[in-house]
Amino acid sequence: MSNWIINHGLSAFILVVWMGINIFLFVYYYLFYDQGPQFEYTRELLGSALPWARAPAAVLNFNCMLILLPVCRNLLSLLRGSFICCGRTMRKQLDKNLTFHKLVAYMIALMTAVHTVAHLLNVEWYTNSFQGRYGPLPENLSMLDDSRELNTTYLNPIRSNSTTPTLFVFTTIAGLTGVVITLALILMITSSMEVIRRSYFEVFWYTHHLFIIFFAGLVFHGAGQQVTDPPHNNSFCEDQPENWGKIPECPIPQFAGGFPQTWMWVIGPMIIYLCERLLRFIRYMQPVSYRKIVIRPSKVLELQLVKPGFKMEVGQYVFLNCPAISQLEWHPFTMTSAPEEDFFSVHIRSVGDWTEKLIKMVENLPEGGQGPKMAVDGPFGTASEDVFDYEVSMLVGAGIGVTPFASILKSIWYKKLGATIYFYWLCRETYAFEWFADLLQVLEKETEERGMRDFLTYKLYLTGWDQSHVNHAMVHFDKDTDIITGLKQKTHYGRPNWDKEFEQVRQENPSSVVGTFLCGPQALAKDLEKKCVKYSDVDPRKTKFYFNKENF
Amino acid sequence: MGKIEWAMWANEQALAAGLIYATGGIVGVAGQFRGWQFACFGIAAGVFVCLLEYPRSKRGKGTSVERTGQYCFTVCVKAFGPLTRNYYIRAFLHATLCVPGGFMLATVLGCVCLGIASLIYLTAAIHGEHWEPILPRREPPKRVGDSIKEPPQNPPPRPPPELRRKKADKLEAAAYDNPMSVTVSE
């Protein structure tokens, strides 16, 4: 239990606070509209559908304010930098930004559903009231009209017998914007389902820009000022509607529209997000030149780029845009170079349309030619920056997920650091190791020369082995260097036994705080997270494992 | 990642539309709105669309991810053969089903969403896509590995019976040693 608190406590706390605010807003505004005397007459017409519509509206205001913030990457990077004082637990929360964005989106969807259903009932009952189906009081209330001479205002937005609910909705600002933004929301949600997002990122990305329509409509949604509030002595006057205006105690009630508030909630984040996009555009205009282009086996492309004024930290990522391939698409790639170098590099694997086209373009380049024009946004920080904060680190990279750790290993080599690092690289195919074979060979030599053997332990795992590998290994088992990588450290076959690994780390590093970093598949993340919780101990004399995962 | 298969998005959209259509219908019927008959239709159409769209199609390229428990739905939908296989028919079906929803406010949203799903299906059909059931693969019998040969079909060759039994006085000529003594029988 206490181990769970170490690894997940702050996230759980933030969720509880967020949910608490949601519940508070809902209940507060529900009671405000359910019991507030100024809405008595509206409640005559609508019953409890009024508070049921207004309460989710308040929750929606709050969540629409929040939803833009987790995707302001530059803001988050800034916050990360300024939290250096506040410890790594705080900074870990900023890694879960996408999860929070999705959570807030689900809440928006849920509240939209409640709000819409309540308003469906409202519109229907307004119409029925007008047509006298509910009795004299509602009918009289409905008859009150906007009239300068009589000095009255209307309560029921339905003003004529021929208005149907559908017609009403499509001829008022609130109704029309409501339908449009709900439609935008539905399209955004269906195209961001995991299946679509992982397979056709472009569809997700372009459809998600409907959020512009969503926010525009949201701001104008309250502009019609439908909800109204009157001031006269309700309990006495409501039984004699026919006497209103005729007796002094019951003047004809005056109604005024509720001032639209949504813009106050969302204007801040909208401006921040606009600044984000502007910053991205400015960075897009800055020139980037190629220092070296290397095509590696397994369809991996290495680009070494130079951009004036560009500074990075270990394990950060950048967004690349190639106008020749697509004007609007920005794709994230972790940097594989160390900050100590005068260039930055990325290793790009051929996964989809964009990456395939890029590789094809580069393959057709003349020898030594400059690559296609590239724009770079970033750098943005992720968990790997924290590696040096831990006394001991376990770095696990699966396949191309090794990229952030390549940057770290190089940086260690430049910094001549004394931290203890355990590096695990899991790979399916043998020739995939070649990407970093030269890096690993240099590191191996360096660690031997400097006697740093205790500080860097690395293990490579070939998870996709078959009989031919076994044959080959059997024949060459007594060779000094590994047959696959040419390194002194032999490659392991199959997946790592994490219990054994964690046990080894724990034994070699008692009373240490160990940071575990993973860049790889979700299944492995779950596994490692469980192991971190299992092998951690609250006792300060024993080892504690913290888990960090990259997510894209 | 690969070239887009529009049907995948159309499927998500149609499923969501079915749910919204049905929910709008339920609200319309429960609130006894004017035009509740359209709401009834909305419920029926929404549920039908959900059942039709629940089983995902097999993807042209790449791994298909099934929805939980979709196998029985797959079998039902597959039974209709070309009616469910062809996306033009599906687009037309969704277009006709969505029209009655437009007559009543509660189902209007479902109507529009289903209409959009119909358009995406039309796009999918124009691109030549069709619905393919995801059926469980029959696993090929486990291959032990190339170097392990088939177990031998015949027993190992044995010397003729006369030599097989060790004669006590002719140990050297015996074909093999018996671990236990055997009665020599002639």
Which of the trypsin sites (Lys or Arg not before Pro) across region A:499-552 are loop residues per DSSP, with 11 or fewer other Cβ within 10 Å?
A:Arg541
Counting pairs of alpha carbon atoms under 8 Å apart in space and at least six apart in sequence, what relative contact order in percent does region A:253-366 give?
20
Any of A:Lys500/B:Lys58; A:Lys526/B:Lys58; A:Lys96/A:Lys531 with alpha carbons more than 30 Å apart? Name them for me.
A:Lys500/B:Lys58
Here, B:Ser64 and A:Thr463, labelled 7 Å along Cα→Cβ, have an inter-label distance in nm of 2.6
What is the sum of charges around A:Asn497, taking Lys and Arg as +1, Asp and Glu as -1, for the other residues whose C-beta is under 12 Å from the C-beta of A:Asn497?
0
Lys and Arg at +1, Asp and Glu at -1: add these up for the other residues within a Cβ distance under 14 Å of A:Thr207 and post the number.
-2
Counting Lys and Arg as +1 and Asp and Glu as -1 over every other residue whose Cβ sits under 11 Å from the Cβ of A:Ile196, the net charge comes to -2
Just checking the output field for B:53-62: average partner chain Cβ neighbours within 10 Å of each residue's Cβ?
1
Per 5 Å bin, what percent of the C-alpha pairs of region A:160-209 does each bin hold, from zero upward?
4, 21, 19, 13, 11, 10, 9, 7, 3, 2, 0
Fewest-first sequence of A:Ile348, A:Ile412 by Cβ atoms within 10 Å of each Cβ:
A:Ile348, A:Ile412
Report the label-to-label distance for A:Arg198 and A:Ala113 in nanometres (one decimal), using points 7 Å from each Cα along the Cα→Cβ vector.
2.4
Using only alpha-carbon positions, what ratio does the radius of gyration of region B:1-56 give when scaled by 2.2 N^0.38 Å?
1.37
Extension reserve of the A:Leu78-A:Lys500 stretch, reckoned as 0.36 nm per residue once the Cα distance is removed
148.1 nm
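Coordinate-derived values only; no laboratory data. None of these values were measured; they are calculated from a predicted model. Glycine gets a Cβ as well: all are built from the backbone with ideal geometry, and neighbour counts include every protein chain shown.
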